[in-house]
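These notes concern the structure reproduced below.
What follows draws every value from the coordinates through simple rules; no lab data is involved. A quick note: this is a predicted structure, and the numbers were derived from the prediction, not measured. Heads up, the Cβs are rebuilt from the backbone with ideal geometry, glycines too, and the neighbour counts pull from every protein chain shown.
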Amino acid sequence: MKILVAIKQVPARDSRLFVEPSGAWIEENDLGYEVNEPDAYALEEALQLREKHGGEVVALCAGPERVSSTIREALAKGADRAIHILEDDLGSWDSLSLARLLSKAAETEHPDLILTGLQSDDLGFGQTGVMMAELMGLPHVTLAMSIEVDSGRLRVKRELEGGWFQNVTMPLPALITIQSGISRLRYATLMGIKRAKTKEVRKLSAAELGVAPASGIFLRRVYAPHSQKHTQMLTGSAQEQAAQLVEKLKHELRAI
């Protein structure tokens, strides 16, 4: 079974973020970068499926030359090979155009299964995976918590709201977006890091794939959230104050 995993490189979670002068995005010059966490779980699920059923895992990543470090990490963890779509400015691509770009690259591989993370840590739209499925005409499932392969079909457990789950049976080929935390992430071993240097990384461009950047969504302004303090005195007896506090925690703060 050939499994293709779409991964994204995002700013490291412990980075100090500063808004660029235009206010439209953050300063990227001195940022550290890492694998998008939901995509790391998608990669882990792909590696576990390969260990059970055989086949190969192909990592797919779009971005400038710096995403090579993310690709090498995926290869060091166990991906068999990778595809790097060289694109210096992904900021001019919205979710739909990016889905078109990734879909064109994925179609050259004819994978049995495509896995993506649920959403990206930087923008968090959660749309690219499902748009890829629509563009490629594939059945898809989101919020997957586990995947089982049986006789050429998939049984997927997906998470719903309020602690509920849904079991879905679907045919191959298919696309699934993975929920974070479904398994423990593995570390790259020293041997894996050495082997990654010899694994194939195929480089493509948007022009080769026949896809042009387009954006129907524009970020006008990003800013740090403003924190403020507000004090409100509760009156009445102790029982009345307790009842008021519970009401505020329930309906205003939604803490309970």
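Out of all the residues in the stretch 60-73, is one or more among the small types (Gly, Ala, Ser), surrounded by fewer than 17 Cβ atoms within 10 Å (Cβ to Cβ) and out of contact with any Gly (no Cβ under 9 Å at 6 or more places or on another chain)? Yes, because at least one residue in the stretch 60-73 is among the small types (Gly, Ala, Ser), surrounded by fewer than 17 Cβ atoms within 10 Å (Cβ to Cβ) and out of contact with any Gly (no Cβ under 9 Å at 6 or more places or on another chain).
Within the stretch 16-45, being within 22 Å of GLY126 (Cα to Cα), of a type in the set (Gly, Ala, Ser) and surrounded by fewer than 18 Cβ atoms within 10 Å (Cβ to Cβ) holds for one residue alone: ALA24.
Considering only the stretch 170-181, how many residues are surrounded by 14 or more Cβ atoms within 10 Å (Cβ to Cβ) and either hydrophobic (A, V, I, L, M, F, W, C) or part of a strand (DSSP E or B) (or both)? Even if it seems obvious, please write down each step before you answer.
So the first thing to find is which residues in the stretch 170-181 are surrounded by 14 or more Cβ atoms within 10 Å (Cβ to Cβ), and the list is 170, 172-180.
Cutting the leftovers down to either hydrophobic (A, V, I, L, M, F, W, C) or part of a strand (DSSP E or B) (or both) gives us 170, 172, 174-178.
Going through the stretch 170-181 one residue at a time, the tally reaches 7.
With respect to being within 29 Å of GLY192 (Cβ to Cβ), over 18 Å from the mean Cα position of the chain (by Cα) and surrounded by fewer than 23 Cβ atoms within 10 Å (Cβ to Cβ), LEU86 fits the description. The residue list ARG221, ARG202 contains one member that is touching a residue at least 12 places away in the same chain (Cβ under 8 Å) and in a loop (DSSP other than H, G, I, E, B), which is ARG221.
So which of ARG195, ARG184, ARG153 is of a type outside the set (Gly, Ala, Ser), farther than 23 Å from LYS8 by Cα and either out of contact with any Phe, Trp or Tyr (no Cβ under 9 Å at 6 or more places or on another chain) or loosely packed, with under 11 Cβ neighbours inside 10 Å (or both)?
Numbers: ARG195 fails: farther than 23 Å from LYS8 by Cα; ARG184 fails: farther than 23 Å from LYS8 by Cα.
Unique residue meeting the criteria: ARG153.
Candidates are the residues of the stretch 183-199 that are in contact with a Leu (Cβ under 9 Å, 6 or more places away or on another chain) and charged (D, E, K, R); the one that is farthest from LYS157 (Cα to Cα) is LYS197. For the stretch 169-214, the set of residues classified as under 25 Å from GLU34 (Cα atoms) and small (Gly, Ala, Ser) consists of SER180, GLY181, SER183, ALA188, GLY192, ALA196, SER205, ALA206, listed by residue number.
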